[in-house]
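Asker: If you scroll down you'll find the structure; I have some questions about it.
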Amino acid sequence: MPTPTESSLSPVFVPDTPVWLDVCTWKVAAGFPSPAADHTRKRIDLNEHLIRNKEATFVFRVKGESMSGIGIYEGDELLVDRSIEAKHGNIVLAVLNNDYTVKRLYRRGGVVKLIAENPLYPPIVVKDGEELVIWGVVTRNLHKLY
């Protein structure tokens, strides 16, 4: 099975201590909350919130725009979990003939395709004799807003 290169994948560093953030419990539709809103807060641990299995989770930096239709853009960092079994419809990190790609997995009636989420990129139909490895399932997109 192919292994990732240092430039394409890297393990997630998960500190032993939790990384806590306050979560405001009021809802914000499109502006500021009502002054009368309940201002109770809770806290979440980012490690627990973002990473299901730290030993099997890696970061993958996206190159290309084939998944832009679902908000995955060039330069985004994806969390990829190798411990999750890939199912039809999952966004996966696949290795097809030793080339890494992020696509939606299609498996129906003996047909396997890797589907882009951008109409400029045609589906990749996996043919007999081609080597396909589903390296992991994408669980999060760490997209910077600015």
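Asker: Can you list residues whose amide H is under 5 Å from Trp135's amide H, if they're 5+ apart or on another chain and H is modeled 1.01 Å from N?
Answerer: For Trp135, whose amide H was placed from the backbone, the distant partners under 5 Å are Leu93, Ala94, Val95.
Asker: Per residue of the stretch 123-135, in order, report the coupling 6.51 cos²θ - 1.76 cosθ + 1.60 (Karplus, θ = phi - 60°) as ³J(HN,Hα) in whole Hz, putting x for Gly and Pro.
Answerer: Per residue, the Karplus-derived 3J(HN,Hα) values read x, 9, 8, 7, 9, 4, x, 7, 9, 10, 10, 8, 6 Hz.
Asker: Now for a separate question. Report the FRET efficiency, 1/(1 + (r/R0)^6), for Glu74 and Glu48, where r is their Cβ-Cβ distance and R0 is 30 Å, rounded to 0.05.
Answerer: Computed FRET efficiency for Glu74 and Glu48 comes out at 0.55.
Asker: Now, a different point. Using 7 Å Cα-to-Cβ label points, what is the Tyr146/Asn118 separation (nm, one decimal)?
Answerer: A separation of 2.5 nm, rounded to one decimal place.
Read-outs: derived from the displayed coordinates by stated rules, not from any lab. What you see is a predicted model, and the numbers here were worked out from it, not measured in a lab. With ideal geometry, Cβ positions are generated from the backbone for all residues, glycine too; neighbour counts draw on all protein chains shown.
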